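Below is one structure, written out as structure tokens; the observations come after it.
The values are calculated or read from the model by the stated rules, or taken from the named source; none is laboratory data. Note that the coordinates shown come from a computational prediction; the quantities given were computed from them, not determined experimentally. Heads up, the Cβs are rebuilt from the backbone with ideal geometry, glycines too, and the neighbour counts pull from every protein chain shown.
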Amino acid sequence: MAIHAAGSVVPIPLQAELVPRGTRTVVFERIFEVFLALGTLVGVVVVAYMVYNAYKYRDGADREDDFDPPVLGELPTGGGGGRKLFTSFALSTVIVVSLISWTYLTLLYVEDPPEPEMEVEVEGYQFGWDFTYPNGHESDVLRVPRDEVIQLRVTSSDVFHNFGVAELRVKTDAVPGQTTTTWFEADETGNYTAQCYELCGSGHSYMTATVVVMEPDEYREWYANTTADSS
């Protein structure tokens, strides 16, 4: 929960605390950070336990006389009746199920976007991309405002393509005769590169387009001067 300066307590929804929200870039960065942190933790625990046992059961002149090493083919004694094994399996199950559930809830948000503030039609062809804005303006450059949810409706006029902008973590198929949808929200202005991620012919590697993220006021000024006949 959050505490305001006046002293009032305002509860924060539990989902907002557990499941990341924001741009697709932010969401996928959080997923990566969680997997990286857990992977690092598990790796440290496993390696530390391995080093501990290697030291404990080391061979050498200073080994104690009553040392009772494990024997190949026999169950070791002093294991607590399998409690360690049960605990490790139970803990692993809790971690894996929690991680899967959290990731699933996070990806549900990615697949069910917030209400878009603008929709752009995207059509792939060998070997380029066409973008059609709500006012009918067509261009081979995608211009969008910063900090606004943009929905893309993607299709293809010839063969299978795949539209993607790696920096914005957006990617979807472009299928002839069908329309797929995806969305993104760019939080930094600048130029990004859209590429085709489906092998579609000899010019596949050259099938790129520029995505220009502009300040909202600058974008609206540009958009107001576009028409269906301009390029």
Could you please find all residues in the stretch 49-88 being surrounded by fewer than 10 Cβ atoms within 10 Å (Cβ to Cβ), modelled with pLDDT of 70 or more and of a type in the set (A, V, I, L, M, F, W, C)?
-> ALA54, VAL71, LEU72
When the stretch 129-165 is examined, which residues are found to be part of a strand (DSSP E or B), in contact (Cβ under 8 Å) with a residue 40 or more places away in the chain and closer than 21 Å to THR226 by Cα?
-> TRP129, PHE131, GLU138, SER139, VAL141, LEU142, ARG143, VAL144, PRO145
For the stretch 93-128, what are the residues that are in a strand (DSSP E or B), surrounded by fewer than 16 Cβ atoms within 10 Å (Cβ to Cβ) and among the small types (Gly, Ala, Ser)?
-> GLY128
Residue in the stretch 156-194 that is surrounded by the most Cβ atoms within 10 Å (Cβ to Cβ), counting only those that are under 21 Å from the mean Cα position of the chain (by Cα) and charged (D, E, K, R) | GLU185
